[in-house]
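Written below as structure tokens is the structure these notes are about.
The values are calculated or read from the model by the stated rules, or taken from the named source; none is laboratory data. This is a predicted model, so every value here is computed, not measured. Note that we place each Cβ from the backbone using ideal geometry, even for glycine, and neighbour counts take in every protein chain shown. SASA here: full protein model, heavy atoms, side chains in, ligands and nucleic acids out. Shrake-Rupley method; radii C 1.70, N 1.55, O 1.52, S 1.80 Å.
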Amino acid sequence: MSIVLRKVWEMVSWRSNTSTVASTSSSEVPRSDMGELELLPSDILMQILRLLGPKEAAKLSVACKGLRSLVSDNRLWVHFLQTHQAEPSGDSVFFAETTLSSGYPLPAFVGHRPQLSFKHIYGQRAQVPGSIIIDGGSGYCKFGWSKYGCPSGRSATFLEFGNIESPMMQVKQSKQPVIVSIPICHYDDTESAKALRQQLKEAIYASLFDMNVPAVCAVNQATLALYAAKRTSGIVVNIGFQVTSVVPILNGRVMRKVGVEVIGLGALKLTGYLREKMQLNNLSFQSLYTVRTLKEKLCYVALDYEAELLKDTQASFEAAGEGWFTLSKERFQTAEILFQPHLAGVQAMSLHQAIALCVEHCHSADLAGDSDWYKTIVLSGGTACLPGLAERIEKELRALLPPYMSNGIRVIPPPFGADTPWFGAKIIGNLSTFPDHWCVTKKKFRQKPRLSLIW
């Protein structure tokens with residue numbers, strides 16, 4: 001392969017340095033300007049181009065006309081986007097550029113989507129300055145730069161969990177746009193709820209613009225989680241710190257008129273329930289942070305709760321600074337309160353009942369577009385990462401709903417774990433058209449303070 005690459009580069013260099021070619025007889029003219037490369041299969045040539053990299057591949061297309069079609073292949077540039085611009089997947093890039101690049105409100109495509117040149121998109125994305133992403137979760141705030149592969153750090157918003165992984169970001173706020181993820185709040189579609197949401201929007205934008213931020217994009221966490229799953233429509237189940245919200249979203253817009261369901265059960269309640277179980281079993285610990293760690297490392301969701309009670313489910317984990325802990329039935333009893341809240345003495349609707357109710361409302365609403373849009377259910381939040389949760393929800397929904405509603409339902413675990421909304425924001429922040437279409441500038445905000453903002 002190194003020999004082939006050397007020959008390719010020698011040909012590129014020779015053709016780039018040759019401005020004129022002497023005329024020759026027809027017997028001396030090759031079939032094309034590709035020379036010996038013409039003997040290679042196209043898949044081998046594609047592999048060579050991938051190894052050369054984006055800059056050299058672009059040079060080669062200028063020097064060798066016979067390779068221009070291959071160099072313009074979208075698959076090649078999607079590969080370069082993944083390997084040279086730290087994009088999570090080619091599917092994410094394709095979804096973003098074909099669906100989100102025109103900004104909000106999202107276009108409703110009729111027929112075929114527009115044809116795009118990912119070679120051109122690669123160049124545009126390379127020029128995007130990047131943005132600061134602040135994912136303001138109810139338990140932890142994740143922050144970082146959109147050009148990074150993951151959040152730079154996290155800051156606990158619940159003091160007993162401690163302040164972890166929180167390095168300072170060295171950025172100039174006057175140069176970088178900011179994307180802020182906002183938890184779903186003021187759920188109703190009433191006038192008072194609308195007014196409260198508007199006040200919160202204006203407060204967030206005003207605070208950031210007072211810090212000389214050039215442009216701001218604020219999107220709710222549920223919508224960002226949906227984007228991270230490469231969807232624009234569906235139901236997002238966000239298990240937050242104190243409450244769980246079930247949010248129907250159609251074409252990027254929260255359908256509050258359909259109804260957002262809210263359950264008074266969240267990650268803190270699960271952690272507290274595990275703490276009670278451990279205390280009953282005389283398991284001592286120093287902080288709630290240790291209990292939370294054990295929940296994340298050892299707990300799971302049983303597909304069949306009664307059958308799981310008969311099994312040996314013992315497992316151990318070594319918590320930093322506190323030694324080894326061994327849990328048994330607590331491992332699946334902790335998450336069971338999502339489906340049977342009464343086990344923890346909580347009077348609330350169960351998770352699967354709230355989702356089923358949302359599905360019924362979406363079906364009854366009979367909204368324009370894909371009639372099955374609500375059958376994609378995306379999970380979000382750290383607790384939503386518990387193994388077995390997606391499978392249990394699907395099972396319970398099929399038992400609750402009639403076949404014409406439950407057939408085709410798919411529950412998707414958090415695509416990027418607890419950082420899923422952050423990655424949804426990253427998809428927006430790295431768009432070839434960003435910050436245009438998505439951001440509000442300080443000037444625009446001052447001119448029209450009661451903007452109809454995205455979330």
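Brief remarks follow.
- Filter result for GLU296 (more than 30 Å from ASP188 (Cβ to Cβ), open to solvent by less than 50 Å² (accessible area, probe 1.4 Å) and in contact (Cβ under 8 Å) with a residue 12 or more places away in the chain): no
- Any hit, the range 305-324, residues being touching a residue at least 60 places away in the same chain (Cβ under 8 Å) and either in contact with a helix residue (DSSP H, G or I) (Cβ under 7 Å, 6 or more places away or on another chain) or not in a helix (DSSP H, G or I) (or both): no
- Taking residues in the range 186-213 that are open to solvent by less than 50 Å² (accessible area, probe 1.4 Å), and partners anywhere that are basic (Lys, Arg) and not in a loop (DSSP other than H, G, I, E, B), the pairs with Cβ atoms closer than 7 Å and at least 6 places apart or on different chains are PHE209/LYS442.
- Pairs, first touching a residue at least 60 places away in the same chain (Cβ under 8 Å) in the range 49-74, second buried (at least 16 other Cβ atoms within 10 Å of the Cβ), C-beta under 6 Å, six or more apart: PRO54/PHE80
- For first residues located in the range 355-369 and hydrophobic (A, V, I, L, M, F, W, C), partners that are open to solvent by 70 Å² or more (accessible area, probe 1.4 Å) and lie 6+ apart or on another chain with Cβ distances below 8 Å form the pairs ALA356/LEU400; LEU357/MET349; ALA365/LYS257.
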